[in-house]
Amino acid sequence: MALNLSQKQEVVAELAEVAAKAHSLIAAEYAGITVGQMTAMRKKARETGVYLRVVKNTLASRAVAGTEYECVQDKLVGPLLYAFSTEEPGAAGRLIKEFAKGNDKLQAKVVALGGQVYPASHVDVLASLPTLDQALAMLARVLSEPASMFARAVKAVADQQGGGEVAVEAPAEAEPA
């Protein structure tokens, strides 16, 4: 069913709002995917913070104008499915990669991140980015490492001094002049 002008404007406005806040974009060919597969992909997209939409390329091109995804405008050719990661950069990559395993007709055509266009093969790179929880766990490990290194050094010094506790003296306070 064809959209009238006001409906097209609504679609462009909605897509532009999503594109302005999104972390990454994947445009993929979807011809040959069954309704059941598309429904499952949409459900998974909602659960993982991915905005998934099939829209005409001219409308998508207008929607990304003025956003960091403007760089993809000349690559929007053929029937495409647009997946915007709204919560974390790798979510759209993981979604497309997961569903492409079960359907060889779903093929990424454009990957965009940070105002740069990448070849479709970069879906794997995008999918391998850590989730927010994984990134926080890595950060916690990195931040805790200096403290544990310090504790090991203090223990080593204590062991060298005969197993006693190491006394750390506070610097003498300067007397007021």
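The values are calculated or read from the model by the stated rules, or taken from the named source; none is laboratory data. Worth saying up front: this structure is predicted, and the values here are computed from it rather than measured. Neighbour counts run over all protein chains shown; Cβ positions are idealised from the backbone, glycine included.
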May I ask you to list the residues in the range 15-32 that are of a type in the set (Ser, Thr, Tyr) and under 18 Å from the mean Cα position of the chain (by Cα)? 24
I'm trying to understand the selection: among the residues of the range 75-126, which are within 12 Å of residue 29 (Cα to Cα) and hydroxyl-bearing (Ser, Thr, Tyr)? 82
When only residues in the range 77-91 that are more than 16 Å from residue 115 (Cβ to Cβ) and surrounded by 19 or more Cβ atoms within 10 Å (Cβ to Cβ) count, which is modelled with the lowest pLDDT? 88
Residue 63 vs. criteria in the same structural domain as residue 9 (by TED's automatic domain parsing) and hydrophobic (A, V, I, L, M, F, W, C): yes
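Every residue, every condition in (1) modelled with pLDDT under 80; (2) of a type in the set (Ser, Thr, Tyr); (3) surrounded by 11 or more Cβ atoms within 10 Å (Cβ to Cβ); (4) touching a strand residue (DSSP E or B) at 6+ places or on another chain (Cβ under 8 Å), yes or no:
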site	(1), (2), (3), (4)
109	no, no, yes, yes
137	no, no, yes, no
143	yes, no, no, no
152	no, no, no, no
166	yes, no, yes, no
Check off (1) aromatic (Phe, Trp, Tyr); (2) more than 20 Å from residue 49 (Cα to Cα); (3) at pLDDT 85 or above for residue 99 and give me the number that stays unchecked. (2)
Would you pick out the residues in the range 77-109 that are within 18 Å of residue 135 (Cα to Cα), out of contact with any Leu (no Cβ under 6 Å at 6 or more places or on another chain) and acidic (Asp, Glu)? 87
Tell me which residues, restricted to the range 113-164, are among the acidic types (Asp, Glu) and more than 30 Å from residue 74 (Cα to Cα). 133, 145, 159
Going through the range 16-43 one residue at a time, which ones are closer than 14 Å to residue 85 by Cβ and buried (at least 17 other Cβ atoms within 10 Å of the Cβ)? 18, 19, 22, 23, 24, 25, 26, 27, 28
Select from the range 51-74 the residues that are out of contact with any strand residue (DSSP E or B) (no Cβ under 8 Å at 6 or more places or on another chain) and among the polar types (S, T, N, Q) and list them in ascending order. 58, 61, 67, 73
